[in-house]
Amino acid sequence: MKIAIVHDWFVTYAGAEKVVEQMLEVFPEADLFSVVDHLGDNREFIKNKEVKTTFIQKLPFSKKKYRNYLPLMPLAIEQLDLSKYDVILSSSHAVAKGVLTGPDQLHISYVHSPIRYAWDLQHQYLKEANLEKGIKGFITKTILHKIRNWDYRTANGVDHFVGNSKFIGRRIWKVYRRESTVIYPPVDITAFTLHEQKEDFYVTASRMVPYKKIDLIVEAFASMPDKKLVVIGDGPDFEKVKSKAKGNVELLGYQSFEVLKDYMQRAKGFVFAAEEDFGITPVEAQACGTPVIAYGKGGAMETVLDLSHEKPTGLFFKEQTVESIVKAVDEFERNYDQFSSSNCRENSIRFSPERFKEELKNMVEERYKERFSK
C-alpha cells in the first residue's frame, strides 16, 4: 500500500496531532499533506518528515493568521495531488476530508468532528466572536453557508468514515448521513501513574476559553467554602474566572506537565464541565486513579463509568449550571467509597495508543482487501 496522510494544518502538537503521530507509528512510510505547516523545529512527532502544503502556506501572515484563510481552504485542499497513492488517510476537523480522490483509491477519513463552527455550533461561535449582527456577521454567515455546502458534497469522496467517539459518530450521521466506525483517539496512559492515596481537594485543568466552562466550576466551589478546588490553566477567560474565585479556590495558571500530573494524582476528584467531542483530560485523570465529575454530554459519556456500572469511575451532572455542579459534588461525596483508584486506572487503559494502533491497522487492512481483492 502506498499511503498518504492528510491533516488540516500542522501548527502545534495537540490532540489531533497525536492521532497523526500514531498513524505514522502504524504506517511509517506514509507521506504527509496539509493546508499549512508551521511546526518549525518541533517535528519529532511526525518523524521529521517533509509536509507537502497548499498555496496558503505562502500567503501573507499565514503563520499566525492561517484560520483567516478558511474561505480559501476548500479550494486549497483540492489542489493537493494524491493520484499516486492507493490509500488516503485524512485526519479532519475542518477541510482535510475534502481532498480529491479517484475510483481506484481508498479514502478513509478519521473525523475529529465535522467543522464545528459551520454546523451545529455555528450560533455559539458567532456569539462568542461577536459576529451575530452587522456586515461582518453577514459576511461570516455567508462564508459558513458556502463551507457547509462544500463540506456536505465532499463527504461523497470518503469511502469510510471513522469517528473519534460515538458522539462524533452521531454528528457524522446528522451532517453527512453516513455510518462510521468508532476508534477512540490515543491517550498516553503510560505518562500517568496510579496513585491511590488521595487528599481532600478537587482539581480541574484546561485552557480557559468560554466553552470549557471553568468559570462555572469555580463559581460552584465558591459557594461550597468547605471544599477546596485547584484550577490549572491559562487563557483569555483567566481574569473572568479569577473574579469568581473565593479563598477555597486556588488558581495556579499555566503549569508544567509534572505539576499537572502531581495534582491529578493527589486530588480526590477531577471536575470537567465542557461538552467535548472526546475529552482527553478525564481519561488522564482516571489513569492517575482519580475519579471524575463530568458534564453528562459528549465524549465524557463514553470515557467515564457512572454509578450504574459495576466498577464506576465517576458521575455526571445534567446541566452546565452552578446548581447542577454543586449537586453532583454532593452526590460524589456521598458515594465516594464506590470509586476505586484501580478501577479508574483499568478503565483508562481502554484508550491507550496500542489499542488505537491495532484498531486502525486492522481497519485499513480490511478495507483495503475488500476494495482491491474484487
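Is there a residue being out of contact with any helix residue (DSSP H, G or I) (no Cβ under 8 Å at 6 or more places or on another chain) and either at pLDDT 95 or above or on the phi > 0 side of the Ramachandran plot (or both) anywhere in the stretch 182-198? Among the residues of the stretch 182-198, not one is out of contact with any helix residue (DSSP H, G or I) (no Cβ under 8 Å at 6 or more places or on another chain) and either at pLDDT 95 or above or on the phi > 0 side of the Ramachandran plot (or both), which makes the answer no. For the stretch 291-312, what are the residues that are over 17 Å from I214 (Cα atoms), touching a Lys or Arg at 6+ places or on another chain (Cβ under 9 Å) and in a loop (DSSP other than H, G, I, E, B)? Within the stretch 291-312, P291, G299, L305 qualify. Against the conditions (1) out of contact with any helix residue (DSSP H, G or I) (no Cβ under 6 Å at 6 or more places or on another chain); (2) among the hydroxyl-bearing types (S, T, Y); (3) free of Cβ contacts under 8 Å to residues at least 60 places away in the same chain, T101 satisfies every one except (1). For K242, the test of being more than 19 Å from the chain's Cα centre (by Cα), surrounded by fewer than 22 Cβ atoms within 10 Å (Cβ to Cβ), touching a residue at least 24 places away in the same chain (Cβ under 8 Å) and in the same structural domain as E319 (by TED's automatic domain parsing) is failed.
Scanning the stretch 155-170 for residues that are in contact (Cβ under 8 Å) with a residue 60 or more places away in the chain, farther than 21 Å from T281 by Cα and of a type outside the set (A, V, I, L, M, F, W, C) gives G157, D159, H160. Of all residues in the stretch 143-173, those that are part of a helix (DSSP H, G or I) and more than 23 Å from M73 (Cα to Cα) total 5.
The set of residues from the stretch 81-125 being crowded, with 23+ Cβ neighbours inside 10 Å, among the small types (G, A, S) and under 22 Å from Y211 (Cα atoms) comprises S92, A94, S113. When N343, N335 are checked against the criterion of being of a type in the set (S, T, N, Q), in contact with a strand residue (DSSP E or B) (Cβ under 9 Å, 6 or more places away or on another chain) and at pLDDT 95 or above, N335 stands alone in meeting it. Taken over the stretch 201-217, residues that are free of Cβ contacts under 8 Å to residues at least 40 places away in the same chain, in contact with a helix residue (DSSP H, G or I) (Cβ under 8 Å, 6 or more places away or on another chain) and assigned to a loop (DSSP other than H, G, I, E, B) amount to 1. Taken together, the residues in the stretch 351-374 that are assigned to a helix (DSSP H, G or I) and loosely packed, with under 15 Cβ neighbours inside 10 Å amount to 9.
Taking (1) touching a Phe, Trp or Tyr at 6+ places or on another chain (Cβ under 7 Å); (2) under 12 Å from R266 (Cα atoms) in turn, M208 satisfies each apart from (2).
The values are calculated or read from the model by the stated rules, or taken from the named source; none is laboratory data. Quick caveat, the model's predicted, so the values are computed rather than measured. In this analysis, Cβ positions are derived from the backbone assuming ideal geometry, glycine residues included, and neighbour counts consider all displayed protein chains.
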